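To start, the structure under review is shown below, and the notes come after it.
The values are calculated or read from the model by the stated rules, or taken from the named source; none is laboratory data. Quantities reported herein were computed from a predicted structural model and do not represent experimental measurements. Counting neighbours? That spans all protein chains shown, and the Cβs are built from the backbone with ideal geometry, glycine included. Accessible surface areas use protein heavy atoms only, side chains included; no ligands, DNA or RNA. Shrake-Rupley method; radii C 1.70, N 1.55, O 1.52, S 1.80 Å.
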Amino acid sequence: MKVKSQLSTLTAYSPGLTSEQVKRKYGLTEIVKLASNENPYGSSPLVRQAIADIDHFAIYPEGRALHIRRAVADHLGVDENQLIFSSGLDELIQMISRALLEKGTNIVTAAQTFPQYRHHAVIEDAQIREVPLKNGVYDLDTMAKQIDAETKIVWICNPNNPTGTYVNSTEVEKFLQSVPSHVLVVMDEAYYEYVTAADYPETIPLLNKYNNLFVLRTFSKAYGLASLRIGYGVGATSFIKQLEVVRLPFNTSTLAQTAALAALEDQQFVEKSVKKNAMERQKYIDFCTRHKLSYYPSQGNFIFINIPSKDPMKVSQYLLENGLIVRPFSNGIRITVGTKDENNKLRNVLKNKVLIST
């Protein structure tokens, strides 16, 4: 079978070794996974009860995710028809790319950001225009200059994954004012709930002003439902109607919809998770400052430590052999902010064995 030629330039996503695989390979009894930006505190207790009450597994799920749709619309203060639900944001990124991109079109995004924007542009044979980060932050001014008549999508991950940095409300509004109406500006806000910065943009109210703005959010991170795969997009009703044609029937399960509804009702759990994350995130910042380590000031539930003088893969491998799983990149490592004990363990290994001369 002959697939699209451009697929030969891509590789399938690899999630890496599981905790059980790491245990067996290195003879360990305990693993701390701080690589995928999951919520270390799990999910709301209401979720377990809600999904335990499901007894109709032979019936297809509600195709339009009616109940969670109404709840999210009320939570955000938007119309129900401004929402579309997906099996995690990965699927929604795929849907948007499939709907808008083809040969001769292009996307504009950052050079070091969530790789699925590039991945799906390649699949659709579109051109990719990547602008280097500026001190770890999206350079919106330079990105605006890359937009032309064939630009279909601008992807902005805010806070950015993997750096955790963000573009503020002034920068975002200035950028939106400069973007032509034919270009869809997608604000990927997977880590929205974790943000504590006062000047972080509130994009939902901007939807009334910019018809070409589209906002992505998820239940995978702060709500702790990563395994159930449910996210959503918010945008203009006219665009949502067209995007629904691309969406697979029954793409979010009854289990995921029910869990998301229960999780959304428990904002106290989210607030506690966010508060703990902010406290533990600050400890990483203090650690880096104290030991003169270069890092990006994160607004997510992770922190990126730059390792220019050492091989990040070797650092990651050493941590792995000590039961600590992190995510290596070419210029550093991304560490998910875990629980107090998990974070203490990782910092001690970094301090004593890898980065710090004592």
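Output yes when any residue across the range 88-97 is buried (at least 20 other Cβ atoms within 10 Å of the Cβ) and either in contact with a Phe, Trp or Tyr (Cβ under 6 Å, 6 or more places away or on another chain) or among the aromatic types (Phe, Trp, Tyr) (or both), and no when none is. Within the range 88-97, not a single residue is buried (at least 20 other Cβ atoms within 10 Å of the Cβ) and either in contact with a Phe, Trp or Tyr (Cβ under 6 Å, 6 or more places away or on another chain) or among the aromatic types (Phe, Trp, Tyr) (or both).
The condition (being open to solvent by 70 Å² or more (accessible area, probe 1.4 Å) and closer than 20 Å to Ser220 by Cβ) is satisfied by just one residue among Pro15, Pro40: Pro15. Within the range 282-316, how many residues turn out to be part of a helix (DSSP H, G or I), free of Cβ contacts under 8 Å to residues at least 12 places away in the same chain and either over 24 Å from the mean Cα position of the chain (by Cα) or surrounded by 15 or more Cβ atoms within 10 Å (Cβ to Cβ) (or both)? Total satisfying the criteria: 4.
Per this entry, Arg229 is not counted among residues that are open to solvent by less than 30 Å² (accessible area, probe 1.4 Å) and basic (Lys, Arg). Among the residues making up the range 189-216, those that are in contact (Cβ under 8 Å) with a residue 40 or more places away in the chain and either surrounded by 22 or more Cβ atoms within 10 Å (Cβ to Cβ) or touching a helix residue (DSSP H, G or I) at 6+ places or on another chain (Cβ under 8 Å) (or both) are Ala190, Tyr191, Glu193, Tyr194, Thr196, Tyr200, Pro201, Ile204, Leu207, Phe214, Leu216. Identify all residues within the range 24-70 that are among the β-branched types (Val, Ile, Thr) and within 30 Å of Phe329 (Cβ to Cβ); write none if there are none. Result: Thr29, Ile31, Val32.
Within the range 320-335, residues that are within 15 Å of Asn348 (Cα to Cα) and in a helix (DSSP H, G or I) have Cβ atoms under 9 Å from residues that are among the hydroxyl-bearing types (Ser, Thr, Tyr) and open to solvent by 30 Å² or more (accessible area, probe 1.4 Å) in these pairs: Leu320/Tyr26; Glu321/Tyr26, counting only partners at least 6 apart in sequence or on another chain. Against the numbered list (1) touching a strand residue (DSSP E or B) at 6+ places or on another chain (Cβ under 7 Å); (2) open to solvent by less than 60 Å² (accessible area, probe 1.4 Å), Lys33 comes up short only at (2).
Counting just the residues of the range 115-146 that are open to solvent by less than 50 Å² (accessible area, probe 1.4 Å) and part of a loop (DSSP other than H, G, I, E, B), which one comes out farthest from Val246 (Cα to Cα)? Taking the candidates together, the pick is Gly136. Residue check: His75 meets all listed conditions (1) out of contact with any Pro (no Cβ under 9 Å at 6 or more places or on another chain); (2) at pLDDT below 95; (3) surrounded by fewer than 16 Cβ atoms within 10 Å (Cβ to Cβ) but one, namely (2).
Comparison of Thr163, Thr151 shows that the only residue that is surrounded by 18 or more Cβ atoms within 10 Å (Cβ to Cβ) and within 21 Å of the chain's Cα centre (by Cα) is Thr163. When the range 18-30 is limited to residues that are of a type in the set (Val, Ile, Thr) and surrounded by 10 or more Cβ atoms within 10 Å (Cβ to Cβ), the one that is nearest to Gly224 (Cα to Cα) turns out to be Thr18. Going through the range 85-114 one residue at a time, which ones are part of a loop (DSSP other than H, G, I, E, B) and not charged (D, E, K, R)? Hits for the range 85-114 are Ser87, Leu101, Gly104, Thr105, Ala111, Gln112, Thr113, Phe114.
Of everything listed in (1) modelled with pLDDT under 95; (2) open to solvent by less than 70 Å² (accessible area, probe 1.4 Å); (3) out of contact with any Leu (no Cβ under 7 Å at 6 or more places or on another chain), the single unmet condition for Gly104 is (1). In the range 265-281, the residues that are closer than 11 Å to Leu46 by Cβ form Cβ pairs under 6 Å with partners that are at pLDDT 95 or above and crowded, with 16+ Cβ neighbours inside 10 Å, at six or more places apart or across chains, as follows: Asp266/Ser44; Asp266/Leu46; Phe269/Ser44. For the range 171-196, filtering for residues that are part of a loop (DSSP other than H, G, I, E, B) and within 22 Å of Gln268 (Cβ to Cβ) leaves 5.
Pairs meeting the criteria (first residue in the range 53-68 and on the phi > 0 side of the Ramachandran plot, second residue surrounded by 10 or more Cβ atoms within 10 Å (Cβ to Cβ) and aromatic (Phe, Trp, Tyr), beta carbons under 7 Å, at least 6 apart or on different chains) are Ala65/Phe85. Against the conditions (1) touching a helix residue (DSSP H, G or I) at 6+ places or on another chain (Cβ under 8 Å); (2) β-branched (Val, Ile, Thr); (3) within 29 Å of Glu244 (Cβ to Cβ), Val3 satisfies every one except (1).
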